[in-house]
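Have a look at the structure below before the remarks.
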Amino acid sequence: MAQPPASADPNAPYTHQGSNGDAVLVIHGFTAGPAGMMPWAHAFAAAGYSVRVPLLPGHGTSWQDLAATKHSEILDAVRQAHAELAATHARVFVAGLSMGGALALNLASTHEVAALALVNPGLTIASPLARFTGLLRFVVPSLAGISNDIAKPGGDEHAYARTPVAGVHQLRRLFRSTIAALGSITAPVIVFRSDADHVVPESSLEVLRDGLDKSVHLEVKRLTRSYHVATLDYEAQEIFARSIEFFQEVDNSRP
């Protein structure tokens, strides 16, 4: 399937009108943007879905903009994108990477979502200093970037070179609210989890397992050759194929 012409901006929002009546909202990660999600988005489009990949507030410009962005603003943008898709499509599926996974889960706790496909979703932060970001943000504005944790050579998610500490503080607030809401999720979930992830710790998956109601279908697929940004890594095609298959299984199981 021929792809649309590439934008001069790798992090430009992406919209595709599909043919099967269903839609997929694709949500990028912290400090990154649509660039790291585009291969996945194109796979959903090729499968007949309408697809939207929004550029979230505070992203795609400068880390200083992200430092001034509240997590509620980012969540509101996700909810707005979902509402627009839900107004014109029978079902809306959601796919997310890293912070995008937390946003997808948060959305599913309050809105009707057909199913979730998550790649290395973040709910916890490994650094013991993370708990002090509320104070550190006034002393240390930014830290080294967390971008391009990719095993496959040549990948580039076009994320910020610096990580705003104030943004991490807001990320922690998003994680806390999402963890508290996990029990309200009813949509089936598939998680693709890298054995070697240098950004999101394994505890995020453990928290997700513990927080979901036991009646919720949760499938976990381990990735043995990919790092954090697995959508640009060695097992990307496997992620794309299985997530589409998972969404189709959900569709076929409905009356």
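The values are calculated or read from the model by the stated rules, or taken from the named source; none is laboratory data. Computed from a predicted model, the values in this text were never measured in an experiment. Quick reminder, even Gly has a Cβ in these numbers, built from the backbone with ideal geometry, and neighbours come from all protein chains shown. In case anyone asks, the SASA skips ligands and DNA or RNA and just uses the protein heavy atoms, side chains included. Shrake-Rupley method; radii C 1.70, N 1.55, O 1.52, S 1.80 Å.
List of remarks:
- Accessible-area order (highest first, 1.4 angstrom probe) of the listed residues 143, 118: 143, 118
- Beta bridges per DSSP with both ends in the chain, % antiparallel, nearest 5: 20 percent
- Cα-only Debye scattering, segment 1-89: base-10 log of I(q)/I(0) at q = 0.12, 0.18, 0.20, 0.21 Å⁻¹: -0.37, -0.79, -0.94, -1.01
- Distribution of pairwise C-alpha distances over segment 85-150, 5 Å bins, in %: 4, 14, 18, 18, 15, 12, 9, 7, 4, 0
- Each Lys and Arg contributes +1 and each Asp and Glu -1, all at the Cβ; summed about the Cα centre of segment 112-255, the dipole is approximately 600 debye.
- Measuring gaps between exposed loop sites in the chain (GluC sites (Glu not before Pro); DSSP loop; at most 16 other Cβ atoms within 10 Å), the longest gap, sites not included, is 1-111.
- A simple count of charges around residue 83, restricted to other residues whose Cβ falls under 13 Å of its Cβ and scoring Lys, Arg +1 and Asp, Glu -1, yields -1.
- Within straight-line reach of residue 152, meaning a Cα separation under 23 Å, sit the following lysines at least 8 residues removed in sequence or on another chain: 221.
- If both residues of a DSSP beta bridge must be in segment 136-255, then about 35% of such bridges are antiparallel.
- With both labels modelled 7 Å from their Cα along Cα-to-Cβ, the residue 181 to residue 238 distance reads 3.2 nm.
- Computed FRET value (nearest 0.05) for residue 216 with residue 173, which takes r as the C-beta separation and R₀ as 30 Å: 0.80
- Residues considered: 187, 87, 115. Largest GNM mean-square fluctuation over the chain, using C-alpha springs under 10 Å, is found at 87.
- Placing unit charges on the Cβ atoms of the charged side chains and taking the dipole of the chain about its Cα centre, the candidate lying farthest along the positive direction among 42, 75, 115 is 75.
- In a DSSP loop and with at most 15 other Cβ atoms within 10 Å, the trypsin sites (Lys or Arg not before Pro) in segment 169-219 are 214.
- Measuring spread by the Cα atoms of the chain yields a radius of gyration and Dmax of 16.9, 56 Å.
- Pairwise Cα distances in segment 118-172 exceed 14 Å in 61 percent of cases.
- Euclidean distance between Cα centres, segment 62-85 to segment 214-228, Å: 26 Å
- Residue-count net charge about residue 11 - beta-carbon cut-off 12 Å; Lys, Arg +1, Asp, Glu -1: -3
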